[in-house]
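Have a look at the structure below, then the notes.
Where a number appears in this text, it was derived from the coordinates with a stated rule and is not lab data. Bear in mind that the values here come from a model prediction, so they are computed numbers and not experimental data. Positions of Cβ are backbone-derived with ideal geometry, glycine not excepted, and every protein chain shown enters the neighbour counts.
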Amino acid sequence: MSRLVVLCRRFGRAQFAGLLLGFTPAAHAHRLDELLQRSFIAVEPARISIEITLTPGVGRADEFVASLDPNHDGKISSSEGETFAATVGGQLALFIDGQRLALTVGDVSVPDLDAVRTGVGDLQIQFTAALPDSPRGARALRFSNNYLPAGSVYLATAFAPAGPNIRIGPLRRDEAQQSLAFDFTIQARPTPAPTRPPSSAALRP
Amino acid sequence: MIPTPRTLFTLRLLLALGLSSAVRLPAAQSDAKPAAATDRIVAAANAFLATLDSEARAKVAFAGDDRAQRTRWSNLPTGIFERRGLRLADLTPPQQAAVDALLATALSPEGYRRTHEIMEGDEVLRTTEKPGRLIFGSSEYFVAFVGAPSATDPWTLQFGGHHLALNLTIIGSRNTIAPSFVGAQPAVYTIRGERKRPLGVATDLSFELINALDESQRGRAVLGARFRDLVLGPGQDGRAIVPEGVRADSFTPAQRQRLLDLIRQWVGVVHAEATDAKMREVEASLAETYFMWSGPLTPGSPAYFRIQGPAVLIEYAPQAMGGDATMHLHTIYRDPAGDYDTRRAGG
C-alpha cells in the first residue's frame, strides 16, 4: 500500500490527535492583523519605477476595504483605485541626490474584495518618477514608505538592472525596511526598457 | 539505477521506520542517462492517467501553453486558494497509489520523504487549528499536468497544497523543479513517537554555514534589516533582484562545500539525475553566488537567509504570525535563468 493511501486513510480516522505527542500548537497559519507591504524599485535609463504591493491580513481587511471602497458599493471603480493609490503615494518619498522627486501613479491592480477579506488580496500600484539629468556619474537614491506603519511588515528591494550600463551598489535599509537607499550609475549608452528582468549573474553590489 | 519494486518497497520501509529522517541528501552518485529518468517519470504519469476515467483525466490535464495553470500555485491552503487538477481526497486508493508512485519516481528519496512530512504536518494543523474557512489536511493536495507527459515535448507535473508547490518541468532529458515552494507548519512535530522536522536538515545546515564564516565574511553576509517574509515567493515569477550578502568567491573550500550542501537541500528534491545536472550548474557558478543572512546566529533562532547566484535563488523565511516563528517556515527555490525551464521551453 502506498504512503499516500496510508496517509489519507490513517488521517481519515478521528484518533489522529491521539497519535501526536509533544506537539505545541504553532503560530497562526496566515498573517492576520498585519499589512504586508512589498516595494520593488527599478532603475531605468530615464526614470525610477516603484512597485508597491499591499497584502492586508484578515484582521486588517475591513479597514482596507473601507479605504478602497468608500461608497461601500462592493466594487472598486478606477477613480477609487486612483484615489487610494494617491493616498499611498502621499506617504512615499523618493530622493535622488537629495532632491525629492514627484511620483506619478501608473497602473493600479485591485484585488477581488473577497480575496482581501480572506487575507490573500494583493493590491499593486506602480509609481514612476522622471530621473533628473546630472553630470555626476554616481547617483544616490533614497526611498521611504510611511504608509500605515502601525502593524505593517515591510520588504524593500531593488530589481536587478535591465542592462549592463546600469549598476546598482549595495542596498542599505533600516531594520523595518521602511527605507531603502543605494547608489547607482548609468552609463551614457541608452538601454531599452526591459521586458523581463535579466539574470543577476553579472551583478556585483 | 532504475528503482525496482523491491528497492522502492525497501525505501518506503526505511521511510516508514523513520531511518531517513536525519539523512542528508545524497551526493552525486548516478551515471544513468537523464533520459532514463524522463522515461520512468512519463511511464509513472501514464500509469496514473490510466487509472482515471475520462472526466477525471480532463480535470488533471491542461494544455501545454496554459500559462494561467502553470503559474497557479501557492503556499496557501484550500479555502483561500483555488487549485485546479485532481485532489487526493477525490481519488480512489489505487489512484492515490499511482500518484504516490509518480512522486516516488520523480523525486529523490529525501524529496519524497519531505513531501510526506509536509503533508503530515498539515494533518497536524487540521487537528489543532480552529475549523474555519481554511481547510487543512493530507488529502488537500492536488496533482495536475500542464502538457501531456512526453519523453520529448515540454510538460510540467504539478503537485501541491498548503506549504507545498512542486513544479517539475520536463523537456526531454532535462528536468527542473524550479520554481518550488517548500514550507512547514508545524516545523517540528512528534507523531507515533517519532520527532519530525521536514526542513530540519536545511535549517541546521544554514546555521552551520553562517557560523563557519569568518568575521569579515559574516560582516558582509549579515544584514541589519529584518526579513519577515519571502521576497520572491509565490506570484513573483520572472523577477530578478539585486543580490546581497557575501560572495562565495571569498569562501574556503570547506565553506563552499557547506554552501553546496545547503543548496542541495532544495535542488535535491528532484530525482538524482536532475539533481546532479543542476548541481553541476550551481558549482560552475558558485563563485558568483551570494549568501545573505538576517537574524540571530544561534542555532534554532528565527533567521532569514537567501542564496542567490546565476543558477539558483533560495529564500528561507520564518513566519512570525502570532507565535514561534521557528515553527512556521516558508522557503522558495527558483532558477534565475528561467523558472519552468523557460529558456528552453520558449517562454
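For the range A:29-192, what's the relative contact order in percent, using C-alpha pairs closer than 8 Å and at least 6 residues apart?
28 percent
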Spin-label model distance (nm) - B:ALA36 vs B:ASP53, 7 Å beyond Cα toward Cβ = 4.0 nm
Check: the range B:45-127 dipole with +1 on Lys, Arg Cβ and -1 on Asp, Glu Cβ, in debye = 260 debye
Whole-number percent relative contact order across chain B, with pairs defined as alpha carbons under 8 Å at least 6 apart | 19 percent
How far apart, in nm, are two points set 7 Å out from the Cα along the Cα-to-Cβ line at A:THR87 and at A:ALA150?
-> 1.5 nm
Sequence-distant residues sharing a close amide H with A:TYR154 (under 5 Å, placed H) | A:GLN37
Residues B:HIS162, B:HIS328, A:HIS72, B:HIS116 in order from fewest to most other beta-carbon atoms within 10 Å are A:HIS72, B:HIS116, B:HIS328, B:HIS162
When the helix-only estimate is applied to chain B (DSSP H runs of n ≥ 4, each -39,500 (n - 2.57), divided by the residue count), what is the mean residue ellipticity at 222 nm, nearest 500 deg cm²/dmol?
-> -11000 deg cm²/dmol
Residues of the range B:221-243 with amide N under 18 Å of a point placed 7 Å along Cα→Cβ from B:ARG67 | B:235-240
What list of ³J(HN,Hα) values in whole Hz, one per residue of the range B:298-310 in order, does the Karplus curve 6.51 cos²θ - 1.76 cosθ + 1.60 (θ = phi - 60°) give from phi, with Gly and Pro shown as x?
-> 6, x, x, 7, x, 9, 8, 9, 9, 10, 9, x, x
Mean separation of Cα pairs under 8 Å and 6+ residues apart, divided by the residue count of the range B:196-345: what relative contact order is that in percent?
-> 26 percent
What does the convex hull of the Cα atoms come to per residue for the range B:151-217, in Å³?
-> 159 Å³
Would you please report the Å³ per residue occupied by the convex hull of the alpha carbon atoms in the range B:196-345?
-> 118 Å³
Per the charge dipole of the range A:29-192 (beta-carbon charges, Lys/Arg positive, Asp/Glu negative, Cα centre), the residue among A:PHE84, A:ILE50, A:PRO149 reaching farthest to the positive end is A:ILE50
Enumerate the calculated ³J(HN,Hα) couplings along the range B:325-331 in order (Karplus 6.51 cos²θ - 1.76 cosθ + 1.60, θ = phi - 60°), each rounded to whole Hz, writing x wherever the residue is Gly or Pro.
-> 5, 6, 8, 9, 10, 10, 9
Just name one of B:ALA287, B:LEU232, B:MET321: the one whose Cα is farthest towards the positive end of the charge dipole of the range B:196-345 (beta-carbon charges, Lys/Arg +1, Asp/Glu -1).
-> B:MET321
The answer for the net charge of residues other than B:GLY161 whose Cβ lies under 14 angstrom from its Cβ, with Lys and Arg +1 and Asp and Glu -1, is -1
10 Å Cβ neighbours from other chains, averaged over peptide B:203-213 | 0
What whole number of Å gives the distance from the Cα centroid of the range A:30-68 to the Cα centroid of the range A:131-147?
-> 22 Å
Which ordering of B:ASP122, B:ASP53 is given by a fewest-first count of other beta-carbon atoms within 10 Å?
-> B:ASP53, B:ASP122
Site A:SER79, offset 7 angstrom along Cα→Cβ, radius 17 Å on amide nitrogen, limited to the range A:87-114, gives A:87
Any chance you could check the Cα centroid distance between the range B:86-155 and the range B:304-335 for me, in angstrom?
-> 21 Å
Given H placed 1.01 Å from N in the peptide plane, which residues other than close sequence neighbours of B:HIS163 have an amide H under 5 Å from its amide H?
-> B:LEU76
